[in-house]
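Colleague: I have a structure here, written as structure tokens, and I will follow up with some questions on it.
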Amino acid sequence: MTELKLQQSLLDGRYEILDCLGRGSYAEIYVARDLSAADGEPQTVVIKVLNVLLQGMPDRDLERTLIENFQNEAVALDRVRHPHIISRLGHGTAIDLVGTAFHYIVLEYLAGGELGARIRQQPFTLERALFYLEQICSGLAYAHECGVIHRDIKPQNLLLTADAETVKIADFGVAKIEASEGAITRVGTNVYAAPEHNPLVETGPLDTAALAAHQPHLTPAADIYSLAKTTYTLLAGEPPRRFSHRRIKELPESIAGNAWAADVLRVLKRATEDKPEDRHQTVQEFWQELSDASLPPTQPLNPQDGGGDEIRERPASKQLTGNTGQLVEAPPRPRFDSPGISKESQMGGNGNNRPRIVVPISVANKNLNFPAQPPLPRQQRPARETIVVGAPPPAPHPRSAENYAAAQQVKAKRRSVRVLIALAIILAFAGILLATHFYVSRQRAGNPPPTVDPSSEIGREGIVKTDVRLRPDPSTNNRSLGIVTQGSRVRVLNARNSWYEIEVLQQGRDDPNSANRGWINKRFLDDN
């Protein structure tokens, strides 16, 4: 596994990498500060990096597929720009601190974290769950209108803003776009994935003829299936693991007794049918039934209102809305070149022939001597140069080799200092352990632990702390003679290791199983 070296570095002369948020099969997620952000633009962003070497050296076909999927995610995000879908802010191709080439996209940072984590901390009320579900349905319905099927809707891919009032759909890495539609492939998380995402999963007898038949195209009903399983999680506070690959048949006891439970269960049953054509066909249809089912039962109007025996009608369900007019215009469409990244990386990256756009922050601040400039307004910014791996390299700047050598010297010195500090700490710790050993050894040699003379304990009296079985000898590997009850007053007749032979002077209470003499462990006896 080859992880990229990006911590504490400056990407593209603009993004200061702060921390790694996590890693997937072929992606690494970093949080960064945008040093060139203009007023009104987000200062903190997320850098999603494609690392084709994260699982080892890929073949050319796999590498091409990974790059195409990564570009597909960027295209899908640009197509579905919506207030409840995460926004793409930029993209690029770069080389990390050790010469590994990679593609990346820049996304908005949502500080509230995953919706799934919030559920684990505290289950939602019905009203709060519906508050989030309406936003999710709004974003997902818009994506479907734009011809994009997400294919991995789940609480972990739903992110919150810092105030936890807005939820956005994230991770379009396996999204399907109509123009690129093909046979259904196995994607998604098993607990939430629709059966058509797992064509080899059968809940009944295997139909080999069906496997050989033409596979249908994916429809929005696949996302509606995952949306229903997500709804279950938001309402129940736990994933529907027992209904993995199966229709939801019941709600957990924690919510099954609510007045709305039966109606909501009916909606979830339909939305998780095995056949896509038996489910809701649009997100709007699912949301309308769910919001209707969650309303309180109809009640007679108050007589004071002049209603008599009339029945109060439920309000009409809300139409999903999402104003997209105020969104920032999408950045230029990315073009990530296919195979070549893994080959370039294994050959040592750019050497001195390709300019490096990821540099240590210390080098960027001290060695490169870039003049400090305020960020330009968006319309005045120069076009950013994108380094495409495999393209003819531009002529190096005369200072490039010099700066690179200086950076490597600084890096080597710092590594040496860290090694020396680590050795000093290890030696100091070893010295402390050795000194402690000698001290304890001398103490034991000069002051042997005191021994207790058993004869000094014979004859003393005490009180039994609890009901204890009396033994014929100082061991538990024998039969019991009877019990001595709690509060009994006894006299010690003999002592051996951690055992006393006692004689009962007065039982704490009458008990048919009591005995008057035997052995007990010392811990059950209190001094008088």
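Colleague: So which residues in region 42-97 are part of a loop (DSSP other than H, G, I, E, B) and touching a strand residue (DSSP E or B) at 6+ places or on another chain (Cβ under 7 Å), if there are any at all?
Modeller: P42, Q43, N51, V80, H84, I86, S87, D96, L97
Colleague: Among all residue pairs at least 6 apart or on different chains, which show Cβ distances below 7 Å where the first residue, located in region 147-162, is on the phi > 0 side of the Ramachandran plot and not assigned by TED's automatic domain parsing to the domain that holds S87 and the second is modelled with pLDDT under 95 and acidic (D, E)?
Modeller: Close Cβ pairs (under 7 Å, with a partner that is modelled with pLDDT under 95 and acidic (D, E)) amount to G147/E178.
Colleague: Any residue at all in region 180-200 that's of a type in the set (K, R) and at pLDDT 95 or above?
Modeller: There is no residue in region 180-200 that is of a type in the set (K, R) and at pLDDT 95 or above.
Colleague: Among the candidates Y30, Y26, single out the residue that is touching a residue at least 24 places away in the same chain (Cβ under 8 Å) and touching a Cys at 6+ places or on another chain (Cβ under 8 Å).
Modeller: Among Y30, Y26, only Y30 is touching a residue at least 24 places away in the same chain (Cβ under 8 Å) and touching a Cys at 6+ places or on another chain (Cβ under 8 Å).
Colleague: Here's a follow-up. Which pairs do you get when a residue that is farther than 18 Å from G147 by Cα, found in region 63-84, comes within reach of a residue that is of a type in the set (V, I, T), reach meaning Cβ atoms under 7 angstrom, with the pair 6+ apart or on two chains?
Modeller: E63/V52; E63/I341; L66/V52
Colleague: Listed residues S514, S498; which is touching a helix residue (DSSP H, G or I) at 6+ places or on another chain (Cβ under 6 Å) and either at pLDDT 90 or above or more than 13 Å from K465 (Cβ to Cβ) (or both)?
Modeller: Result: S498 is the single residue among S514, S498 that is touching a helix residue (DSSP H, G or I) at 6+ places or on another chain (Cβ under 6 Å) and either at pLDDT 90 or above or more than 13 Å from K465 (Cβ to Cβ) (or both).
Colleague: Just a yes or no: is a residue in region 95-110 small (G, A, S), surrounded by fewer than 19 Cβ atoms within 10 Å (Cβ to Cβ) and within 23 Å of K5 (Cα to Cα)?
Modeller: Yes, region 95-110 contains a residue that is small (G, A, S), surrounded by fewer than 19 Cβ atoms within 10 Å (Cβ to Cβ) and within 23 Å of K5 (Cα to Cα).
Colleague: Within the group R33, R79, R23, which residue is out of contact with any Lys or Arg (no Cβ under 8 Å at 6 or more places or on another chain) and at pLDDT below 90?
Modeller: Just a single option satisfies the conditions, and that option is R23.
Colleague: Checking D511 against (1) in a loop (DSSP other than H, G, I, E, B); (2) on the phi > 0 side of the Ramachandran plot, which test does it fail?
Modeller: Here D511 meets the rest and fails (2).
Colleague: Report those helices (runs of 4 or more DSSP H) wholly inside region 220-318 carrying at least 3 residues which are surrounded by 13 or more Cβ atoms within 10 Å (Cβ to Cβ) and at pLDDT 95 or above.
Modeller: 221-236, 261-271, 283-293
Colleague: Same structure, new question: Given the conditions (1) part of a loop (DSSP other than H, G, I, E, B); (2) touching a residue at least 40 places away in the same chain (Cβ under 8 Å), and given that N494 satisfies all but one, which numbered condition is not satisfied?
Modeller: (1)
The values are calculated or read from the model by the stated rules, or taken from the named source; none is laboratory data. All values derive from a computational prediction rather than experimental measurement. Cβ sites come from the backbone with ideal geometry, for glycine too, and all protein chains shown count toward neighbours.
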